[in-house]
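What follows is calculated from the coordinates using simple rules that are stated; it is not laboratory data. Since we're looking at a predicted model, the values are computed, not measured. Because the Cβ atoms are built from the backbone with ideal geometry, glycine has one as well, and the counts that use them run over all protein chains shown.
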Amino acid sequence: MKILVTGGAGFIGSHTVDALLADGHEVRILDSFEKPVHLKGRPGYIPSEVEVIEGDVRDKAAWETSLKGIDAVYHLAAYQDYLPDFSKFFHVNSVGTSLLYEVAVERGLPLKKVVVASSQAVYGEGRHKCPGCSGIFYPDIRSSAVMDKGLWDHRCPRCDRPLEVQPTDESRINPQNQYALSKYTQELIAVNFGRRYNIPTVAMRYSIVQGPRQSFYNAYSGACRIFCLSYFFDRSPAIYEDGEQVRDFVNIKDVVAANIAVLESEKADCEVFNVGGGRGYTVSEFDATVRKVFGKESMTPRIPGEYRFGDTRHILSDLSKLKALGWKPEHTPEDSVREYMEWLKGQVDIEDVLDYAERKMKEMEVVRKADLKGDKP
């Protein structure tokens with residue numbers, strides 16, 4: 001098949017491109033090469049046999065050009081940041097997706113499959129259970145009043161015990177920020193238009209994807225970039241809250257395998273799937289993994305009593321639905337860190353951009369200081 005990959009120069013996109021080429025497909029990329037993700041322009045890892053179109057998914061003409069002669073689409077281009085430019089999230093992630101279907105329907109394009117990149121963020125805090133009364137809850141975002149006191153855990157509304165995270169399946173949605181809302185809107189557009197106009201469509205809710213090619217310059221790109229760069233430069237990273245928050249890390253190889261699996265499965269059509277790592281890790285556990293891989297066990301992270309407003313306390317995806325197609329995660333966070341470290345070693349002119357990202361988030365009051373001296377339950 002001839003396959004279009006939007007965002008094909010990015011992290012998930014470029015690895016998906018490599019896999020498609022290995023499977024014998026022709027590949028075309030549509031990418032805007034937007035800064036800061038592509039601060040130094042077009043990356044050198046894009047294979048020479050790939051056709052590259054520089055353009056924006058918000059531009060209908062770019063879609064019209066890119067979709068010519070295409071059999072399937074991986075729509076992986078997305079906008080994510082901490083900036084309060086709310087409209088851009090929806091213009092890129094939601095309106096950009098609607099333009100894909102608008103062009104396909106107007107031109108009667110016989111697309112065999114469209115795979116869109118959604119996010120675990122659509123769940124908000126996800127499913128939790130009380131270890132005391134066994135109640136199941138889907139808590140809302142923690143308020144700044146609670147976070148300012150350093151009260152990190154969600155508590156049971158019945159017996160006031162700290163809630164424990166449970167795997168969240170695809171059935172319950174609770175998006176809490178502009179990124180999550182725009183991704184859920186994207187899902188609704190894609191799956192419903194796909195069903196209505198007979199365009200087989202799949203939405204993939206990725207958890208925290210890790211591995212080589214994660215941009216140094218994207219402040220939103222998460223724990224792997226932050227911790228690996230910190231120890232690479234012999235610096236102690238800051239851990240927000242108390243380090244006990246649970247995250248769902250998934251290796252890029254497993255994400256690509258999931259992308260390929262749904263391309264080849266009719267059972268995936270018009271469905272939504274979680275794509276995660278299979279178990280939860282605390283941020284402190286992940287930090288210990290990075291220190292082990294980088295040989296920095298003697299160093300310790302900073303825990304300054306700060307938090308990122310809007311962060312979830314715990315989140316973990318239930319993978320049962322995707323596993324039913326024969327997929328399962330094969331790699332660990334240690335694999336991801338080791339692969340990222342090896343990739344780092346091969347880069348030139350690596351810049352220490354951590355201060356800039358942290359300063360930017362503090363200026364926007366995304367990172368805030370908690371008062372840890374008050375009474376706690």
- line: Residue-ordered couplings for segment 83-93, obtained by feeding phi - 60° into the Karplus form 6.51 cos²θ - 1.76 cosθ + 1.60 and rounding to whole Hz (Gly and Pro as x), are 5, x, 8, 4, 5, 5, 4, 7, 5, 7, 6
- prompt: For Val52, which sequence-distant residues (separation of 5 or more, or a different chain) have an amide H within less than 5 Å of its own amide H, given hydrogens modelled in the peptide plane?
  reply: Ile29
query: Under 5 Å between amide H atoms, partner at least 5 residues away or on a different chain: which partners does Thr282 have, H built in plane at 1.01 Å?
result: Arg247
statement: Relative to the chain, whose Cα atoms define the longest principal axis, helix 11-22 and its Cα axis are tilted in degrees, nearest 10, by 40 degrees
- request: Normalise the Debye intensity by I(0) for the chain, one equal point scatterer per Cα, no solvent, then take log10 at q = 0.11, 0.13 Å⁻¹ and round to two decimals.
  value: -0.77, -1.09
message: If you filter segment 1-68 for GluC sites (Glu not before Pro), then keep DSSP loop positions with at most 11 other Cβ within 10 Å, what is left?
response: Glu49
message: Give the lysines reachable from Lys112 as a straight Cα distance under 19 Å; neighbours fewer than 8 places away on the same chain don't count.
response: Lys2, Lys68, Lys267
query: What shape does segment 37-122 have by the C-alpha gyration tensor, where a ≥ b ≥ c are the square roots of the eigenvalues, rounded means a/c under 1.5, and otherwise prolate means a/b greater than b/c and oblate the rest?
result: oblate
- prompt: Among bridges DSSP assigns within segment 2-369, what percent are antiparallel (round to 5)?
  reply: 25 percent
query: In what order do Tyr74, Tyr179 fall by count of nearby beta-carbon atoms within 10 Å, going from fewest to most?
result: Tyr179, Tyr74
- prompt: Which of the residue pairs Lys35/Lys323; Lys149/Lys321; Lys40/Lys113; Lys129/Lys323 have a Cα-Cα distance greater than 28 Å in the structure shown?
  reply: Lys35/Lys323; Lys149/Lys321; Lys40/Lys113
message: From Cα pairs below 8 angstrom and at least 6 apart in sequence, can you work out the relative contact order of segment 2-369, rounded to a whole percent?
response: 18 percent
query: What are the ³J(HN,Hα) values, in whole Hz, obtained from phi via the Karplus relation 6.51 cos²θ - 1.76 cosθ + 1.60 with θ = phi - 60°, for each residue of segment 188-201 in sequence order, with x given for Gly and Pro?
result: 4, 4, 5, 5, 6, 5, x, 5, 5, 9, 6, 10, x, 10
message: Starting from 0.36 nm per residue, how many nanometres of slack lie between Ile53 and Lys369 once their C-alpha separation is accounted for?
response: 109.4 nm
query: Cα centroid distance between segment 34-107 and segment 261-332, in Å?
result: 26 Å
- request: Only loop residues by DSSP count here, and only those with at most 13 other Cβ atoms within 10 Å; note down the chymotrypsin sites (Phe, Trp or Tyr not before Pro) in segment 214-282 that meet that.
  value: Phe233
- line: The ³J(HN,Hα) series, computed from each phi in segment 234-244 with the Karplus coefficients 6.51, -1.76 and 1.60 at θ = phi - 60°, rounded to the nearest Hz and given as x for glycine or proline, is 6, 10, 8, x, 8, 9, 7, 6, 10, x, 9
